[in-house]
Every structure is written in structure tokens, then in C-alpha cells.
1. Once you have the Kirkwood Rh of the chain from its Cα pairs, apply Stokes-Einstein at 20 °C and 1.002 mPa s and quote D in µm²/s.
2. Leaving out ligands, DNA and RNA but keeping every protein chain, what accessible area does Arg17 have, in Å² rounded to the nearest 10, with a 1.4 Å probe?
3. Starting from the residue with the highest accessible area, list Ile58, Ile65, Ile126 in decreasing order, probe 1.4 Å.
4. Can you work out the Karplus-derived ³J(HN,Hα) for every residue in the stretch 66-80? Use 6.51 cos²θ - 1.76 cosθ + 1.60 with θ = phi - 60°, whole Hz, and x for glycine or proline.
5. Say we join alpha carbon atoms closer than 10 Å with springs in a Gaussian network model of the chain; which of Gly53, Gly124, Gly89 then has the biggest fluctuation?
6. Ranked from the most accessible area to the least, with a 1.4 Å probe and all protein chains present, what is the order of Ile75, Ile108?
7. Any chance you could look up the accessible area of Val54 with a 1.4 Å probe, heavy atoms only, rounded to 10 Å²?
8. Quick one: check the C-alpha center-to-center distance for the stretch 1-50 versus the stretch 94-141, whole angstrom.
Amino acid sequence: MLKDDSELRKYPFVEARPEFASTVQPGDLLVAGPNFGCGSSREYAPLALRMVGVGAIIAPLFARIFYRNALNLGIPCFEADLTGGLHDGQNVDFDLTSGQLVADGQTIQLPPPPAFLQEVWAAGGIVPFYKAHGRFPGQGA
């Protein structure tokens, strides 16, 4: 265990891509393969990604517990397979609200997120959402 959670920013993908944490920029999209987050049953995995500034994750399928932990932390996750269509370091424009991604002049439409997800992301996660609204998303105003 780490003495300070801020140390987590050193470790995302440290075994597969040791340079990842030092090269990722705030707001970068992470495009991943199927079953992303499998084996990440604790919130530390998505927390480390949030700490390095990952803006959103796009994968064909997410391990459910990872997806839920990412939602709790306000990390947008989109289910789509873009592994063959984008390359590492490619500049893209991405609109979280519409799910529209533009890469090299080509528009890719991802499934638009429901309003409650957008509200949680905007708040920074479930706990900040609850503190701001006194309720969980979907419970009505």
C-alpha cells in the first residue's frame, strides 16, 4: 500500500508501458481493447488514471466493477471498438455530451451518454454529485 494516494500517478500501465504516466496529457483519451479493467476490482486502477488526467476511456467492453469505479470517480467510459481506427498519439476532438469524435476529418459517432452519466461526470463523480444535489442521479430533483 502507498503512503499517499498521490503516488498512484506513477503507476498506470507501469508494466506494459512504463512511459505512459509521464507522457499522458490531461484530457487525453484512452482507447483500449475488450474487457478493459478486468482484474481491477479496487478503485485504485481508475483513480491512477484520473490522477494522470485521462479525460475518457473508450473500449468495446468494460469489466463491470472497473466501469462502476470509473463512474464513481467521474471518469467517462464509452463502449465502442476504435482499436483499429485510431493510433497512439493521434490528435482528436471529442465531445463528451454528444459522443462525437473527429479524427483526421472523419467523424465517429459513439453512443451518446444518458443525461445522468453526464451529470455525474460534470460533478466529478458520485460523491461530489451527491454532495451537490443531496440525492443520487435518477432519484429525481
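1. 136 µm²/s
2. 80 Å²
3. Largest accessible area first, the list is Ile65, Ile126, Ile58.
4. Computed from phi, the couplings for the stretch 66-80 are 5, 4, 5, 5, 5, 4, 4, 8, x, 8, x, 10, 10, 9, 6 Hz.
5. Gly89
6. Ile108, Ile75
7. Taking all protein chains as shown, Val54 has close to 10 Å².
8. One Cα centre to the other: 21 Å.
The values are calculated or read from the model by the stated rules, or taken from the named source; none is laboratory data. As the structure is a prediction and not an experimental result, all values here were calculated from the model. Only protein heavy atoms, including side chains, enter the accessible area calculation; ligands, DNA and RNA are left aside. Shrake-Rupley method; radii C 1.70, N 1.55, O 1.52, S 1.80 Å.
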